[in-house]
Each structure stands twice: as C-alpha cells, then as structure tokens.
Amino acid sequence: MTRETVGKVASDLLVKAPETKSPIEQMRENLTDYEKNIWECVDRCKKDFPGDFYIVVITKNERLMPNVFRNFFYGRLSCPTPDYDQTVYKFKRKDNAPIFMWVIPSRDASFHLKDNALYVAPEERELLKYVLAFEDGTLFKLAKELNGEKEESVELEEPIGKYARIALGK
C-alpha cells in the first residue's frame, strides 16, 4: 500500500472547497495522536531524567504548505522560557502524570485574542488568560521561579541539583 505525501495531500486540500467542519471538530481531529505522543515522550524522558521534568510541545507551520501543522514533543529538566506556539507540561514522577501548565498560540492568534479580548468566546477565555499572562511577563516569572532563578538575574537563588548540573554541563 502506497501512501500519499504530505505535500500532495496539502496541495489537494488547498484546491478543494473548504469543508463545513467547525473549528472544534477540526481541533479534535488534529489532536487524535497528541495524547499518545505526550506519553511516548514521557516514556523516553523517564529513562533519561531521574526526577520531575517538563514536556514541551512546539507547533510549527510548514512554510510551503500553509495548511500543514506539526507538533514536536521533547523533554527537559528545566522549565522553558514561554514562547509562541508552545505548550508546556510538568511531569511529576510521584504522581506519574503530566500536569498542564500553559499553552501559547501563534503570535498572530495571540495578538488577535488580545486585541479582541472583550469578544472572545467563552470556550477561548482560558487561552486568552495564558496569552495575557505571557504578554505581561507572569509566565516568564513563573518559569524563573520554577528553575530557582533570581527574579531580575540569570543567577540561581539556591544550589541546583546534581542532575540539573549535568544537564547544564556544570
């Protein structure tokens, strides 16, 4: 059985008349493998990281195929700096569960939400909350706090653990 390439499928969809699916239905279809990929990333990271760690999901739009988005899943010991097209989870080993921390949509979507804050649909209000926390620096402060960094410096407030030193090359 031969499969069509992503480029062929994307170009066929661009020519085809738009479907009448709601954005929520489209989102559900896009996320069918999302949870499976989160757990695959957790399983990989559990082998590499002895304690708690973070799962970061970066969403990228293919430049030449505007209707193709890809999610990239990776783990790290430190909390990442918040950025556009990013979703972050903290994996607590004792609970054996990823805890959702934040999601920040694309730059354009973030600006659109912020500029139209009064008109945002109820189901998008939580997303708006994360966008506003990103814009005002609240998420950045949270990331620094979780990493044990001083508020206005790159210095650490407390000695970092053995595994964090290894990850940082110290």
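The values are calculated or read from the model by the stated rules, or taken from the named source; none is laboratory data. Since the structure is predicted, the reported quantities are computational estimates derived from the model, not experimental observations. Note that each Cβ is placed from the backbone with ideal geometry, even for glycine, and that neighbours are counted across all protein chains shown.
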Out of 100, 69, 111, which single residue is closer than 30 Å to residue 5 by Cα and surrounded by fewer than 16 Cβ atoms within 10 Å (Cβ to Cβ)?
-> 69
Based on what the data block shows, is residue 43 at pLDDT 65 or above, exposed (fewer than 15 other Cβ atoms within 10 Å of the Cβ) and among the acidic types (Asp, Glu)?
-> yes
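Restricting to helices (runs of 4 or more DSSP H) lying wholly in region 42-155: which have 2 or more residues that are of a type in the set (Gly, Ala, Ser)?
107-115
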Filter region 46-66 down to residues that are among the aliphatic types (A, V, I, L, M) and surrounded by 13 or more Cβ atoms within 10 Å (Cβ to Cβ) and give me whichever is farthest from residue 100 (Cα to Cα).
-> 65
Select from region 43-89 the residues that are among the charged types (D, E, K, R) and free of Cβ contacts under 8 Å to residues at least 40 places away in the same chain and list them in ascending order.
-> 43, 44, 47, 48, 60, 63, 70, 83, 85
Selection over region 114-131 where residues are of a type in the set (A, V, I, L, M, F, W, C) and surrounded by 15 or more Cβ atoms within 10 Å (Cβ to Cβ) yields a count of 4
Before we move on, is residue 81 under 25 Å from residue 37 (Cα atoms), hydroxyl-bearing (Ser, Thr, Tyr) and surrounded by 13 or more Cβ atoms within 10 Å (Cβ to Cβ)?
-> no
If you take the residues of region 19-40 that are at pLDDT 70 or above and part of a helix (DSSP H, G or I), which of them is surrounded by the most Cβ atoms within 10 Å (Cβ to Cβ)?
-> 38
